[in-house]
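Notes for the one structure printed next.
The values are calculated or read from the model by the stated rules, or taken from the named source; none is laboratory data. The model shown is predicted, which means the values in this text are computed figures rather than measured ones. Using ideal geometry, Cβ is built from the backbone for each residue, glycine included, and neighbour counts are taken over all protein chains shown. Ligands, DNA and RNA are excluded from the accessible area calculation, which covers all protein heavy atoms including side chains. Shrake-Rupley method; radii C 1.70, N 1.55, O 1.52, S 1.80 Å.
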Amino acid sequence: MAEELQRRQVLVTDGEQRATLAVVRSLGAAGHVVHVCAPIPRSLAGASRFARSEHVVASALSDAAQFVDDIRSLVTTCGIDTIIPMTEPALLALLPEREKFPGVLIPFADAGIFSAISDKESVLQAAAKVGIAIPAQTVLADADAAKLLDTSALQYPLVIKPARSVSGGAGERLKLSVQHAASSAELRAILDEMDPRAYPLLLQQRIIGAGVGIFALIWNGELIAQFAHRRIREKPPSGGISVYRSSTPMDPELLRLSLALLAEFSWQGVAMVEYKIDARSGTPYLMEINGRFWGSLQLAIDAGVDFPRLLIDAATGHRPSPVTGYRTDVRSRWFWGDVDHLLARLRKSNRQLSLPDDAPSRLRAVSDFLAGHPDDVSEIRRPGDAKQFLRESVQWFRQLGR
């Protein structure tokens, strides 16, 4: 098929996200025409030279209905034939409304499947079924259960996880985050302040160890691409968004288990299966699945696995050759996120950051930040495509001032 016939008019949501920038660069370099929208003007991905246009839309988190209407308007005005929702709120808003976008490709699983795979409680149950280790946990169904909980009977430290990262239901959704408790008193204080929309809650055994990710693209039951990375530094330092990470050789057994887990949900599309490797036993414990593009996507692309391009090719029937090999020990650094990691280490104690007692010292944190690696790659700054780093820097200093 001629290259011109393969070109898509793509709308990518959530232009303020770093993963969106990676998608825009990938699809733009592949010859697709890429448009970006975001709930803010002058977004990170909108600054890329690969973005044909950028638009402001309603927030999918606070006004999902208006967000869908805004996307429908852009589909018409820009001639869009493909939509790539980038965040969980965007997917939760758009996937149930597919019938409002006739003839438009949204290359993700059905709304019901996406909802199921975004539920940490159901994912952990499926993981145990296929033989993946999961942290010991107590499930609190609602605020009433939290009030009745004997917090002194639990083992600490604990991780407090909402079963969903984004609250469900009609109206404004709530973005939910993970918290830590080192004692019964800390847990009770957290539960007393918890928004009722955050339930059910998972009170999990804390796993100390390296974070690893297994990434896959599955289409029509076929594994199209695979990738693995290790987290080196995160924001917050106790665990969260990776700010410095390295591509690693694929662990065949962990890949097998991850694919078996995804198969439990009849998954189709891209996914990240996240684990913590227990530092004492070496056992990989499942943390969660992200059924969407992930924050460190640029690392996979730099290492040789172009997930966005492969997703479009697979979803449009071009049957790309499976990509199973990639360069290892490629290191990707999100500069301003790494600065945030360092500032947190310098400003707060290990206890305040919920770090183990044997965590590296502040001096070591500074040394690690300053030390380079021959295979380091900047996630945001690119030759010939650097305007977005300026936008990000301005936003970072504004947030610092606040």
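Any chance you could count how many residues in region 146-175 are in a loop (DSSP other than H, G, I, E, B), polar (S, T, N, Q) and open to solvent by less than 40 Å² (accessible area, probe 1.4 Å)? Give the derivation first.
Here is the first cut: in region 146-175, the ones in a loop (DSSP other than H, G, I, E, B) are 149-150, 154-157, 163-165, 167-174.
Filter once more, keeping what is polar (S, T, N, Q): 155, 165, 167.
Keeping just the survivors that are open to solvent by less than 40 Å² (accessible area, probe 1.4 Å) gives 165, 167.
The number of residues fulfilling the criteria is 2.
Hey, does region 55-67 have a residue that's of a type in the set (S, T, N, Q) and under 22 Å from the mean Cα position of the chain (by Cα)?
Of the residues in region 55-67, the ones of a type in the set (S, T, N, Q) are 59, 62, 66.
Checking the rest, the ones that are also under 22 Å from the mean Cα position of the chain (by Cα) come to 59, 62.
Yes, some residue in region 55-67 is of a type in the set (S, T, N, Q) and under 22 Å from the mean Cα position of the chain (by Cα).
Out of all the residues in region 119-155, which are hydroxyl-bearing (S, T, Y) and over 27 Å from the mean Cα position of the chain (by Cα)? Give the steps one after another, and end with the answer.
To start, the set of residues in region 119-155 that are hydroxyl-bearing (S, T, Y) comprises 122, 138, 151-152.
Of everything in region 119-155, those that are hydroxyl-bearing (S, T, Y) and over 27 Å from the mean Cα position of the chain (by Cα) turn out to be T151, S152.
From A185, A216, grab the single residue that is among the hydrophobic types (A, V, I, L, M, F, W, C) and closer than 30 Å to I312 by Cβ. Steps first, please.
Details: A185 fails: closer than 30 Å to I312 by Cβ.
Testing whether each residue is among the hydrophobic types (A, V, I, L, M, F, W, C) and closer than 30 Å to I312 by Cβ leaves just A216.
Would you mention how many residues in region 249-285 are of a type outside the set (F, W, Y) and within 15 Å of the chain's Cα centre (by Cα)?
Count: 6.
Name every residue in region 368-395 that is open to solvent by less than 30 Å² (accessible area, probe 1.4 Å) and touching a residue at least 60 places away in the same chain (Cβ under 8 Å), in order of residue number.
If the condition is that a residue be open to solvent by less than 30 Å² (accessible area, probe 1.4 Å) and touching a residue at least 60 places away in the same chain (Cβ under 8 Å), then E379, I380, D385, Q388, R391, E392 are the ones that fit.
Out of (1) touching a strand residue (DSSP E or B) at 6+ places or on another chain (Cβ under 7 Å); (2) surrounded by fewer than 16 Cβ atoms within 10 Å (Cβ to Cβ), the odd one out for V178 is which?
Unmet for V178, out of (1) touching a strand residue (DSSP E or B) at 6+ places or on another chain (Cβ under 7 Å); (2) surrounded by fewer than 16 Cβ atoms within 10 Å (Cβ to Cβ): (2).
Please find, within region 167-189, the residue that is nearest to the chain's Cα centre (by Cα) out of those that are at pLDDT 90 or above and closer than 20 Å to E121 by Cα.
Among them, the one singled out is V178.
Given F397, F307, F335, F389, which one is among the aromatic types (F, W, Y) and more than 22 Å from the chain's Cα centre (by Cα)?
On the way: F307 fails: more than 22 Å from the chain's Cα centre (by Cα); F335 fails: more than 22 Å from the chain's Cα centre (by Cα); F389 fails: more than 22 Å from the chain's Cα centre (by Cα).
After applying the criteria, what remains is F397.
If the requirement is being among the basic types (K, R) and within 25 Å of the chain's Cα centre (by Cα), which of these qualifies: R362, R319, R351, R345? Talk me through it step by step, then tell me what you get.
Values: R362 fails: within 25 Å of the chain's Cα centre (by Cα); R319 fails: within 25 Å of the chain's Cα centre (by Cα); R351 fails: within 25 Å of the chain's Cα centre (by Cα).
Criteria check complete, one pass: R345.
Yes or no: A210 in a helix (DSSP H, G or I) and either free of Cβ contacts under 8 Å to residues at least 12 places away in the same chain or surrounded by fewer than 17 Cβ atoms within 10 Å (Cβ to Cβ) (or both)?
Working: in a helix (DSSP H, G or I): no; either free of Cβ contacts under 8 Å to residues at least 12 places away in the same chain or surrounded by fewer than 17 Cβ atoms within 10 Å (Cβ to Cβ) (or both): yes.
Against the criterion (in a helix (DSSP H, G or I) and either free of Cβ contacts under 8 Å to residues at least 12 places away in the same chain or surrounded by fewer than 17 Cβ atoms within 10 Å (Cβ to Cβ) (or both)), A210 does not qualify.
Output the residues belonging to region 1-10 that are in a strand (DSSP E or B) and surrounded by fewer than 24 Cβ atoms within 10 Å (Cβ to Cβ).
Start the filter on region 1-10 by keeping residues that are in a strand (DSSP E or B), which leaves 9-10.
The one that is in a strand (DSSP E or B) and surrounded by fewer than 24 Cβ atoms within 10 Å (Cβ to Cβ): Q9.
Can you work out which of the residues in region 101-141 that are in a helix (DSSP H, G or I) and of a type outside the set (A, V, I, L, M) is farthest from N290 (Cα to Cα)? So that I can check it myself, show each step before the final result.
As a first pass, look at region 101-141 and keep what is in a helix (DSSP H, G or I): 111-117, 120-130.
Within this subset, residues satisfying the condition of being of a type outside the set (A, V, I, L, M) are 112, 114-115, 120-122, 125, 129.
Numbers: G112: 15, F114: 9, S115: 11, K120: 10, E121: 13, S122: 13, Q125: 16, K129: 19 Å.
Selected residue: K129.
For region 301-357: of the residues being within 17 Å of A225 (Cβ to Cβ) and free of Cβ contacts under 8 Å to residues at least 12 places away in the same chain, which is most open to solvent (accessible area, probe 1.4 Å)?
Within region 301-357, the match that is most open to solvent (accessible area, probe 1.4 Å) is R319.
Consider V104 carefully, then state whether it is more than 20 Å from the chain's Cα centre (by Cα) and open to solvent by less than 60 Å² (accessible area, probe 1.4 Å).
Working: more than 20 Å from the chain's Cα centre (by Cα): yes; open to solvent by less than 60 Å² (accessible area, probe 1.4 Å): yes.
The answer is yes for V104.
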